Amino acid sequence: MTIKLPPNIATPAYVLDEAALKANMATAARIKRETGCKILLATKAFSLPAAFPLMRETLDGTTASGEYEARMGHEEFGKEVHVYSPAYFPGEVERLTKIAKHIYFNSADQIHSYLPLVKKAGGTKIGLRINPGYSQATLGGPLYDPCAPYSRFGATPDSLDDVPWNDVSILHAHALCEARHSGSVGLIEHVAKNFAPYIRKVEAVNFGGGHFINKPGYDVGALIAAIKAFRAEFGVEVILEPGAGLVVNTGYLVASVIGMHRNDKTIAILDASASTHMPDVLEVPYTPEIIGATIVEAGDAPKPNSYILDGKTCMTGDIIGEYEFSKPLAVGDRVIFTDMMQYSFVKNNTFNGVPLPDLAVLSENGDYRVLKSFGYEDFRVRLG
Ligand SMILES: Cc1ncc(COP(=O)(O)O)c(C=O)c1O
């Protein structure tokens with residue numbers, strides 16, 4: 001894989017590859033065209049307003065995890081704003097009724113307590129998140145399984161007869177994470193089989209996120225067939241709200257080597273860090289791909305140009321991975337991590353006072369545009 005980045009860009013930088021995002025949008029457009037479903041962007045995974053005009057051409061709106069994301073979706077993306085949270089702050093639902101016309105609740109009790117307020121506001125559709133009891137451990141096991149034991153997400157089946165269904169328009173079943181088509185199809189069929197009486201009470205079913213529709217190997221045709229069958233059986237609208245699946249492989253984190261250290265192996269220290277800039281590397285955990293290098297697996301025979309890549313923070317575990325390069329690395333060399341648009345800059349932090357990477361766009365014609373650089377003030381402002 002090669003990308004045409006200008007040679008001397010400042011690092012670290014998260015770089016959106018507009019051409020790749022456009023290609024991913026084509027998948028979403030096909031699913032919408034062939035099934036008539038709606039697709040929303042889950043902004044928790046990717047919130048880059050500069051990319052919204054492109055995404056807005058295809059997508060129906062955004063889905064938020066709370067008031068701030070909902071407000072950003074409303075102000076920057078437009079179209080439909082949906083929001084779900086397992087609990088809302090005091091006053092949050094009232095404020096949300098002014099910007100989100102689709103508010104999802106987590107239980108029958110929650111709906112009962114917010115119903116008067118939502119009805120008074122008028123024009124807001126109520127959704128209920130159910131816990132469908134469908135586990136599909138593609139990524140991270142229980143850490144990313146909304147149906148794991150004691151999960152706080154969604155009304156359990158035994159509570160569904162207490163729901164005031166006349167006031168509920170949407171059934172919501174989010175259960176997937178980086179799922180291939182078998183997970184998406186499995187969830188749709190599971191909900192059809194186990195929740196049919198409730199589906200018949202609503203006008204739409206939202207199958208959440210976690211549909212990894214742009215991941216190589218995902219059979220989009222299988223998802224399309226499952227949605228069509230579901231719609232044919234129940235006559236309801238279908239909504240998907242992926243985040244990662246819309247932006248997988250659409251950008252990079254470009255870093256530079258800023259130091260070398262030797263301790264049995266050679267450690268290259270970068271201006272990017274797992275702890276601060278790629279927290280999912282440690283949380284999932286996983287080893288991100290680098291253009292022009294291969295990942296060295298534990299137990300692999302020693303290789304000539306192998307380096308452990310670390311961040312500069314004090315956390316011993318700020319280790320990105322071990323890689324084999326085609327030639328020796330030196331201070332000043334560039335390292336380009338791929339697939340760095342999902343759950344990266346939305347989760348970053350300034351631990352140790354490490355500066356935040358630039359946010360930038362590589363446009364289709366090769367122009368490189370820095371959207372925002374961060375400095376000391378961005379670190380300082382959060383410290384009161
Ligand atoms: C309710 C809900 N919807 C959508 C998403 C987006 O999931 P993904 O980015 O894996 O597609 C999530 C992720 O946690 C979620 O909790």
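The values are calculated or read from the model by the stated rules, or taken from the named source; none is laboratory data. Just so it is clear, the structure is predicted and the values come from calculations on it, not from any experiment. In this analysis, Cβ positions are derived from the backbone assuming ideal geometry, glycine residues included, and neighbour counts consider all displayed protein chains.
A compact table of results
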{"item": "Hits in region 310-340 (condition: within 27 Å of the chain's Cα centre (by Cα) and in contact (Cβ under 8 Å) with a residue 60 or more places away in the chain)", "result": "Arg334, Val335, Ile336, Phe337, Thr338, Asp339, Met340"}
{"item": "Set Asp17, Asp109: member being at pLDDT 95 or above, of a type in the set (D, E, K, R) and in contact with a strand residue (DSSP E or B) (Cβ under 8 Å, 6 or more places away or on another chain)", "result": "Asp17"}
{"item": "In region 59-105, residue nearest to the chain's Cα centre (by Cα) [restricted to those that are away from the ligand (no atom under 16 Å from the Cβ) and β-branched (Val, Ile, Thr)]", "result": "Ile99"}
{"item": "Filter result for the condition that a residue is of a type outside the set (Asp, Glu), assigned by TED's automatic domain parsing to the domain that holds Leu362, touching a residue at least 24 places away in the same chain (Cβ under 8 Å) and not in a strand (DSSP E or B), over Pro288, Pro302", "result": "Pro288"}
{"item": "Boolean, Arg152 is in the same structural domain as Gly61 (by TED's automatic domain parsing) and touching a strand residue (DSSP E or B) at 6+ places or on another chain (Cβ under 6 Å)", "result": "no"}
{"item": "Residues of region 249-276 satisfying the condition of being crowded, with 23+ Cβ neighbours inside 10 Å and either in a helix (DSSP H, G or I) or within 16 Å of the ligand (Cβ to nearest atom) (or both)", "result": "Thr250, Gly251, Ala274, Ser275, Thr276"}
{"item": "Per-region count, region 33-90, residues among the aromatic types (Phe, Trp, Tyr) and farther than 24 Å from Gly154 by Cβ", "result": "2"}
{"item": "Selection within region 120-134 - surrounded by 19 or more Cβ atoms within 10 Å (Cβ to Cβ) and in contact with a Cys (Cβ under 8 Å, 6 or more places away or on another chain)", "result": "Asn131, Pro132, Tyr134"}
{"item": "Residue among Lys347, Lys372 that is within 16 Å of the ligand (Cβ to nearest atom), closer than 23 Å to Met72 by Cα and charged (D, E, K, R)", "result": "Lys347"}
{"item": "Only listed residue being more than 19 Å from Leu54 (Cβ to Cβ) and either in the same structural domain as Tyr286 (by TED's automatic domain parsing) or among the charged types (D, E, K, R) (or both), chosen from Gly366, Gly321", "result": "Gly321"}
{"item": "Of residues in region 170-221 being charged (D, E, K, R) and away from the ligand (no atom under 16 Å from the Cβ), the one farthest from Ser107 (Cα to Cα)", "result": "Asp219"}
{"item": "Lone unmet requirement of (1) in a loop (DSSP other than H, G, I, E, B); (2) touching a Leu at 6+ places or on another chain (Cβ under 8 Å); (3) in contact (Cβ under 8 Å) with a residue 40 or more places away in the chain for Lys44", "result": "(2)"}
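Each row is one residue, and each column tells you yes or no for (1) among the aromatic types (Phe, Trp, Tyr); (2) part of a helix (DSSP H, G or I); (3) at pLDDT below 95.
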residue: Pro7; (1), (2), (3): no, no, yes
residue: Ala23; (1), (2), (3): no, yes, no
residue: Thr27; (1), (2), (3): no, yes, no
residue: Thr58; (1), (2), (3): no, no, no
residue: Glu69; (1), (2), (3): no, yes, no
residue: Gly73; (1), (2), (3): no, yes, no
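Quick grid of which residues meet (1) closer than 23 Å to Thr63 by Cα; (2) away from the ligand (no atom under 16 Å from the Cβ); (3) at pLDDT below 95:
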| site | (1), (2), (3) |
| --- | --- |
| Val118 | yes, yes, no |
| Leu128 | yes, no, no |
| Tyr134 | yes, no, no |
| Gly154 | yes, no, no |
| Asp158 | no, yes, no |
| Asp161 | no, yes, no |
